[in-house]
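Heads up: the structure comes next, in structure tokens.
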Amino acid sequence: MRVGRILSRAISGVDAIDVEILLAKVLNISRATLKAYPERELNEHENTEFNAVLQRRIHGEPVAYLVGHKEFWSLDFIVTPDVLIPRADTELLVEIALELIESKKNMRILDLGTGCGAIALSVASERPDATVIATDASAEALKIAKLNAKHSHIANVEFALGDWFEAVANEISSPFNMILSNPPYIANFDPHLSKGDLRFEPNKALISGVDGMDALNIIIAEAGKYLVPDGLLLVEHGYDQEVLVAASFAAAGFSDIVCCKDLSGIPRVTYGILRP
């Protein structure tokens, strides 16, 4: 079958852009090249491979896992089912972090639960003078994050294995200027878990207790031990957790607490300052 015919077909349950991405991956060419040569005929092997990956997409597998990568903050990240797929919403966390850093130099920054490294590597790429430590409880996730650091030629990120602050227990004498995290924040039995890409992503990186606050409460409560005076904590959270997160920040001694909304107007990121 020719490329042009494949691209012109309506395939139930699959967006046209997904068809382009999958076909370009199978043919190992760019989407621009794909559309420039609609007369190209797929050989038998290419047809078989494309139909196989298309069926997986029809059954709901995320495109990012099927092609093995996802763009985030202008960087290209390797992703596998061992890590969450980086989402555009999380770019708000990176954007706010960079705004708060402004012209400060030689910052020490901690990214908790780094996954594929999207947050840590994005910040580090913009601020090569900063030292970023990225942690995760999953050895498999850290392998992917390290590959992404090498792939993007980012050298100012260190990686540590462990559950939240356990990974940096030896860093308590060298506190951080900023702590970032996009932790699990979906409640147990949330109906969204049975829909879309979430069905294929690692539950341990998504689910956090009956109200989704377990990981957030741990991070917020413990962060003060690892921050310098006037240090900053920034976390991503769910659309309905703004009040709970703000209360947790206040209880942990943070002030100047701000909740930022994403482009859809949904509360997405909260940050606060640890005043002396």
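Here, each number is a calculation from the coordinates, and none is a lab measurement. Everything numeric in this text was worked out from a predicted model, so none of it was measured. A quick note on method: Cβ atoms are made from the backbone with ideal geometry, for glycine too, and the neighbour counts reach across all protein chains shown.
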Any idea what angle helix 242-251 forms with the longest principal axis of the chain, computed on alpha-carbon atoms, 0 to 90 degrees, nearest 10? 30 degrees
For the range 261-267, in residue order, the Karplus 3J(HN,Hα) values (coefficients 6.51, -1.76, 1.60; θ = phi - 60°; whole Hz; Gly and Pro = x) are 9, 7, 5, 8, x, 9, x
For the chain, take the convex hull of the Cα atoms, compute a quarter of its surface area, and give me that in nm², please. 15.5 nm²
Where does the chain land at 222 nm, in deg cm²/dmol rounded to the nearest 500, when only DSSP H runs of n ≥ 4 count, each adding -39500 (n - 2.57), divided by all residues? -10000 deg cm²/dmol
3J(HN,Hα) from dihedral phi, the range 208-225, Karplus parametrisation 6.51/-1.76/1.60, rounded to Hz, x for glycine, proline: 8, x, 5, 10, x, 9, 4, 5, 4, 5, 5, 4, 5, 5, 8, 4, x, 5
At a Förster radius of 30 Å, what calculated FRET efficiency corresponds to the Cβ-Cβ distance of T33 and D240, to the nearest 0.05? 0.10
Charge tally in the Cβ shell below 12 Å around G272, where Lys, Arg are +1 and Asp, Glu are -1, G272 excluded: -1
Nearest 10 degrees, 0 to 90: helix 139-151 Cα axis against the chain principal axis: 70 degrees
With each pseudo-label sitting 7 Å past Cα toward Cβ, what's the I266-E44 distance in nm, one decimal? 4.7 nm
Residues with amide H under 5 Å of L206's amide H, sequence separation 5 or more or different chain, H placed in the peptide plane at 1.01 Å from N; which? none
From the Cα centre of the range 250-272 to that of the range 90-111, the distance in Å is 15 Å
Local charge sum around S103 (other residues, Cβ-Cβ under 13 Å, Lys/Arg +1, Asp/Glu -1)? -1
Let me know the whole percent of all Cα-Cα pairs from the range 3-59 that are separated by more than 12 Å. 63 percent
For the range 58-196, would you read off the P(r) tail past 24 Å as a percentage of all alpha carbon pairs? 29 percent
Note, ³J(HN,Hα) from phi for the range 49-57, Karplus 6.51, -1.76, 1.60, rounded to Hz, x at Gly and Pro: 5, 5, 4, 5, 6, 5, 5, 5, 5
Amide H of A160: which non-local residues (sequence gap of 5 or more, or other chain) have their own amide H closer than 5 Å, using H built in the peptide plane? A134, T135, D136
